[in-house]
C-alpha cells in the first residue's frame, strides 16, 4: 500500500519507504528529478537557547486531510508526478527527523519550486503542534508550546 501523506508516529516510516512509494507510481518513467526536504530538530531556538527536545502532537484526522489535499493540489502542477508529505509525532531529541517531503517530476525546474511550496504550506496549514523544552539563559529548563511563545 502506498501512503502519499499523513501524520505518523515517530519511527514508522523511512526515506526508503518514500522512494519505494514513488517508484510504484505508474507514471514513474516520466521522472527525471526527485527532491526531498528532511526537517530535523534544531539544537537551539532563534534566541540561541539550547533545545533539550521536542514533543509533537497533531489533530490527526484533520492533519491527514490537509496534507493529502496539499499533495493532490501540487501533484496537478505541470511536470509533477508525485508529492508526498509525512510528518511525525512523538518525543524527539536534537537531530532527529520530524518531517519528510518528497517531490518527483520530469525536471528539477518543475520539482524544486513545488518542494518549497509544499514545505511552506504544510507548516502553515496542517494542525501540528510543537512543544519545545529548552534551557533558558539562567540555566532553568522549561517547556512551552511554540504557539504560546511570543514571536518577534
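Roughly what % of Cα-Cα distances in segment 74-152 sit above 22 Å, to the whole percent? The answer is 42 percent, as a whole percent.
For segment 57-116, the average shadow cast by the Cα convex hull is 4.6 nm², which is a quarter of the hull's surface. Listing 15, 70 from fewest to most neighbouring C-beta atoms within 10 Å gives 15, 70. Once the Cα atoms are used to define both axes, helix 108-125 deviates from the longest principal axis of the chain by about 40 degrees. As a length-normalised measure over Cα pairs under 8 Å and 6 or more apart, the relative contact order of segment 5-148 settles at 33 percent. With each run of n ≥ 4 DSSP H residues scored as -39500 (n - 2.57), what mean residue ellipticity at 222 nm is computed for the chain after dividing by its residue count and rounding to the nearest 500 deg cm²/dmol? It comes out at -9000 deg cm²/dmol, rounded to the nearest 500. Helix 60-75 and the longest principal axis of the C-alpha atoms of the chain enclose an angle of approximately 40°. With the convex hull constructed from alpha-carbon coordinates only, the chain shows a mean projected area of 9.5 nm² over all directions.
Bear in mind these aren't lab numbers, they're just calculated from the coordinates by the rules spelled out. Please read all numbers here as calculations on a predicted model, not as lab measurements. All Cβ positions, even for glycine, are placed from backbone atoms using ideal geometry, and neighbour counts span all protein chains on display.
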